[in-house]
1. Helix 3-15 against the longest principal axis of the chain: what's the angle in degrees, Cα atoms only, rounded to the nearest 10?
2. What is the gain in length, in nm to one decimal, between residue 65 and residue 49 on full extension, counting 0.36 nm per residue of separation less the C-alpha to C-alpha distance?
3. Once label points are set 7 Å from the Cα along Cα→Cβ at both residue 19 and residue 41, what is their separation, rounded to one decimal in nm?
4. If contacts are Cα pairs under 8 angstrom and at least 6 residues apart, what is the relative contact order of segment 3-68 in percent?
5. Over 10 Å intervals from 0, what percent of Cα-Cα pairs in the chain sits in each interval?
6. May I ask you to order 43-54, 59-70, 20-31 by the average number of other C-beta atoms within 10 Å around their residues, highest value first?
């Protein structure tokens, strides 16, 4: 594993969770769900948690946080 995927892998191992916003800001990754899909194929146990929040306009939004289970 190299590049973005390796960096995301290390981040997930250390922090136990990641969002698309974090992946984009820290690693320039725009398709975190595809990376998570590959990690799951490798046998990693990763849970998707839907987070409900407000955006800058006060609208309700839902986004995914991927959590590494131990």
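Any read-out appearing in this document is the output of simple, stated calculations on the displayed coordinates, not a laboratory observation. Here the structure is a predicted model, which is why all the values come from computation and not from measurement. FYI the Cβ positions are ideal-geometry reconstructions off the backbone, even for glycines, and counts take in every protein chain you see.
1. 70 degrees
2. This chain segment gains 5.2 nm when fully extended.
3. Result: 2.8 nm between the two label points.
4. 34 percent
5. So the P(r) values, bin by bin, are 20, 53, 22, 5.
6. 20-31, 59-70, 43-54
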